[in-house]
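Nothing in this text is a laboratory measurement; each read-out follows from the coordinates by a stated rule. Keep in mind it's a predicted model, so treat the numbers as computed, not measured. Virtual Cβ from ideal backbone geometry, glycine too; neighbours counted across all protein chains shown.
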Amino acid sequence: MSHRKVFMAALSLVIVMSASCGTILGLDEYHAVMKCIDGVHDEAETDVDCGGKDCKKCEIGKKCDLNTDCVSANCMTSVCAP
């Protein structure tokens with residue numbers, strides 16, 4: 001799937017989710033959501049599209065800075081561990 005198709009699908013999902021919750025995303029929130037699904041290790045993420053304060057938690061084996069970056073809540077030597 002092309003990056004444009006992924007972007008458009010994600011944008012549609014964000015719009016549907018925000019509409020169903022009765023909220024409208026501001027520009028900052030929109031950019032935060034889009035950075036978490038762009039397939040790039042952005043500045044606020046600990047690994048590609050995960051970790052940090054805005055993105056989903058990272059799976060085991062992904063890079064982390066804190067326990068809160070990991071789905072397992074276990075960041076050991078900068079890697080999410082079981």
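What to note about this one:
- Sorted fewest first by neighbouring Cβ atoms within 10 angstrom, Cys50, Cys70 come out as Cys50, Cys70.
- Inter-label distance for Ala73 and Val40, nm, one decimal - labels placed 7 Å from Cα along Cα-to-Cβ: 3.4 nm
- Charge tally in the Cβ shell below 12 Å around Lys62, where Lys, Arg are +1 and Asp, Glu are -1, Lys62 excluded: -3
- The GluC sites (Glu not before Pro) of region 36-72 meeting both criteria, a DSSP state outside H, G, I, E and B (loop) and at most 13 other C-beta atoms within 10 angstrom of the site's C-beta, are Glu43, Glu59.
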